[in-house]
Amino acid sequence: MNKETIKEKAIILRKKGKTYSEINKELGLKIAKSTLSYWCRGIILPPEYSSKINLLNLASCERGRAVALVVNKQRREKFLQVVRERNTYLLNRVDKHILKMLLAMIYICEGSRWSVHRGLSFGNTDPEMIKFYIYLLKSCYPEIISHENLHCRIGCRADQNIKELEKFWSKTTGIPLSHFCKTSPDPRTVGKKTKKPDYKGVCSITSRGTEIQLELEMIAKMFFRELIKEGP
């Protein structure tokens, strides 16, 4: 095709509401957009063209977001890998004294205080945190704490299956189902659907050990007071 024939075909396609990319595709050519814009100046586009462009722009944005998510995920993984490598040395510094400090800190944040509860009681929704607590407790007080004297209570929402939750937490913690206390769903959640499909309720681990409870609270408070006194 000569230039005039190409121009005529391009104008016809443009009048039908084709985009410049679509014109090039139908003609099997690679005409510069500036050239097509010059040829098609003054053409009145069909009414549906605006909606078509909006849809194309939306699709382009969706593709852009998808690409951005992948890129951001890759950046995040790369950053986390650097953080892991930078802090791996800390694992070699862990001894029984560090473990007791860790236990004291997480207990003062998530455990029940002596003023409201006698004995150890620690609750959380995160299975990793619960397993870590049990590990710390058994590591720091092996003569006192074992799976035999640990008990469990599950706090759940009204639309959850308590039996299934107990099986999950029993497998997670290693605590037998016979050591699970009876519980009732939170009445405030009746008629409200659980939004997070992976939510397994709140697992509370209890055991004897008022002396341990008091010691952990004292260790945490001692660090709070002394370190703050010294300043950063």
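The values are calculated or read from the model by the stated rules, or taken from the named source; none is laboratory data. Being a predicted model, the structure only gives us computed values, none of them experimental. Note that each Cβ is placed from the backbone with ideal geometry, even for glycine, and that neighbours are counted across all protein chains shown.
Identify, from the list THR194, THR189, THR173, the residue that is within 22 Å of LEU136 (Cβ to Cβ) and polar (S, T, N, Q).
On the way: THR194 fails: within 22 Å of LEU136 (Cβ to Cβ); THR189 fails: within 22 Å of LEU136 (Cβ to Cβ).
It is THR173.
Suppose we filter GLU128, GLU110 for residues that are surrounded by fewer than 17 Cβ atoms within 10 Å (Cβ to Cβ), modelled with pLDDT of 95 or more and in the same structural domain as PHE224 (by TED's automatic domain parsing); which single one remains? Before you say what the answer is, go through the steps one by one.
Details: GLU110 fails: modelled with pLDDT of 95 or more.
It is GLU128.
Counting only residues that are closer than 26 Å to LYS200 by Cβ and of a type in the set (Phe, Trp, Tyr), how many does segment 87-105 have?
0
Among (1) in contact with a Lys or Arg (Cβ under 9 Å, 6 or more places away or on another chain); (2) in contact (Cβ under 8 Å) with a residue 40 or more places away in the chain, there is one condition LYS96 misses while meeting the rest; what is its number?
Unmet for LYS96, out of (1) in contact with a Lys or Arg (Cβ under 9 Å, 6 or more places away or on another chain); (2) in contact (Cβ under 8 Å) with a residue 40 or more places away in the chain: (1).
Considering only residues of segment 106-158 that are among the small types (Gly, Ala, Ser) and over 12 Å from THR206 (Cα atoms), which is nearest to the chain's Cα centre (by Cα)? Let's see the steps before the verdict.
Residues of segment 106-158 among the small types (Gly, Ala, Ser): 111-112, 115, 119, 121, 123, 139, 146, 155, 158.
Narrowing further to those that are over 12 Å from THR206 (Cα atoms): 115, 139, 155, 158.
Details: SER115: 34, SER139: 29, GLY155: 21, ALA158: 24 Å.
Out of the qualifying residues, it is GLY155.
Just to be sure before I move on: is ARG76 under 30 Å from ALA220 (Cα atoms), of a type in the set (Lys, Arg) and in a helix (DSSP H, G or I) in the structure I sent?
Answer is no for this residue.
Take the residues of segment 177-191 that are in contact (Cβ under 8 Å) with a residue 12 or more places away in the chain and loosely packed, with under 13 Cβ neighbours inside 10 Å: which is farthest from the chain's Cα centre (by Cα)? Show your work before the answer.
Of the residues in segment 177-191, the ones in contact (Cβ under 8 Å) with a residue 12 or more places away in the chain are 179-181, 183, 185-187, 189-191.
Remaining after also requiring loosely packed, with under 13 Cβ neighbours inside 10 Å: 181, 187, 190-191.
Numbers: CYS181: 30, PRO187: 27, VAL190: 26, GLY191: 26 Å.
Among those residues, the one meeting the criterion is CYS181.
Give the residue, chosen from GLU164, GLU211, GLU143, that is without any contact (Cβ under 8 Å) to a residue 40 or more places away in the chain, more than 26 Å from TRP114 (Cα to Cα) and charged (D, E, K, R). Before you say what the answer is, go through the steps one by one.
Details: GLU211 fails: more than 26 Å from TRP114 (Cα to Cα); GLU143 fails: more than 26 Å from TRP114 (Cα to Cα).
Answer to the check: GLU164.
Looking only at segment 189-217, which residues are charged (D, E, K, R) and under 21 Å from THR125 (Cα atoms)? Quick ask: steps written out before the conclusion?
Initial filter on segment 189-217 (charged (D, E, K, R)): 192-193, 195-196, 198, 200, 208, 211, 215, 217.
Selection gives LYS192, LYS193, LYS195, LYS196, ASP198, LYS200.
Quick check on this structure: which one of LEU165, LEU150, LEU137 is of a type outside the set (Ser, Thr, Tyr) and over 16 Å from PHE122 (Cα atoms)? Full working, then the answer.
Values: LEU150 fails: over 16 Å from PHE122 (Cα atoms); LEU137 fails: over 16 Å from PHE122 (Cα atoms).
Going through LEU165, LEU150, LEU137 in turn, the sole match is LEU165.
If you take the residues of segment 162-174 that are surrounded by 17 or more Cβ atoms within 10 Å (Cβ to Cβ) and closer than 16 Å to GLU128 by Cβ, which of them is farthest from the chain's Cα centre (by Cα)?
Among those residues, the one meeting the criterion is THR173.
Quick check on ILE212: is it modelled with pLDDT of 90 or more and under 17 Å from LEU102 (Cα atoms)?
Numbers: modelled with pLDDT of 90 or more: yes; under 17 Å from LEU102 (Cα atoms): yes.
Taking the combined requirement at face value, the residue satisfies it.
Go through segment 37-62 and count every residue that is aromatic (Phe, Trp, Tyr) and farther than 13 Å from LYS15 by Cβ.
Going through segment 37-62, the residues aromatic (Phe, Trp, Tyr) turn out to be 38-39, 49.
Still in the running and farther than 13 Å from LYS15 by Cβ: 38.
Final tally of qualifying residues: 1.
Please specify each residue of segment 146-161 satisfying the condition of being assigned to a helix (DSSP H, G or I) and surrounded by 15 or more Cβ atoms within 10 Å (Cβ to Cβ). Walk me through how you get there before you give the answer.
To start, the set of residues in segment 146-161 that are assigned to a helix (DSSP H, G or I) comprises 147-149.
Result: no residue meets the conditions.
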